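Reading through the structure tokens given below for one structure.
None of the figures in this text is laboratory data; all of them are computed from the coordinates on show. Remember, it's a predicted structure, so these values are computed and weren't measured experimentally. Counting neighbours? That spans all protein chains shown, and the Cβs are built from the backbone with ideal geometry, glycine included.
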Amino acid sequence: MLENLAPVMAPFAAVAAVMGLVQVLPPGGQGAWLPLAAFAGLFVVALVALETGKRAVFWLAKPAVTASLIWVVGRPLAGDMAPMLAVPVGLLCAAAGDLALVSERPIALPIGIAWFLIAHFQYTVAFVTAAGPDFSVPVAVAAAVPFAGATIFLVRKIWPGVSAKLRAPVVLYGAVITVMVVSAQVLLAGPWPALVSLTAAAGALLFYISDAMLALGQFHRRLPHGQAVGLAFYWTGQLGIALAARWAKDL
């Protein structure tokens, strides 16, 4: 069992590294230990339950991991960072999507896609409106080129395995998540503190990678421990977005 879990838990080291940084962050970082500990505990429980076939435990733990990140964000945001309030709303929608995708019923996938479309829209709103007049169109275009290219390549790769009913939602989802990750990269050129912009951009990128892995596993070819590794990247990415929202109001 431990040998099987080894490749799954490797990405969790990224989460542990991010958590370690909290100890040396500016004021407000120390208070994140308790919600981060809850997140980490649920993270491990969910992955172990998945890999050991404890379906009922996984069914409960999966949405709980994502929902715990609302606690990481903390108290409501105000002032210049009020637009980041969309982040906990997005996390709540993502948790609902997680719950839907636990089911193996055919209707579960389109429902999950719908919830995650709303989540990505919320994140995009947070990133774009927080950047405000400093939003850089040239930077957005430069970031859009590689991500749009990657999305087109991925959609073409999985296209033969996508049913006719899901083709429109898959294309729409690919477009929306591409816009989300591009809007997060634009923050790197904005006025935000580097800690916030780098964490948000990295979190969005990891989210994008996790969804690419999910799409390949769902519609192309399943890889050993693919779902668990994808979830590890997904939750690490969500953690980055949640921490960016938290630090935005603490700095």
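What the table below lists for this structure:
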quantity: Inter-label distance for Trp159 and Val171, nm, one decimal - labels placed 7 Å from Cα along Cα-to-Cβ; calculated: 1.0
quantity: Spacing of the two label points (7 Å from each Cα toward its C-beta) at Val145 and Arg222, in nm; calculated: 4.0
quantity: Gain in span if fully extended, Lys54 to Leu34, counting 0.36 nm per residue against the direct Cα distance; calculated: 4.6 nm
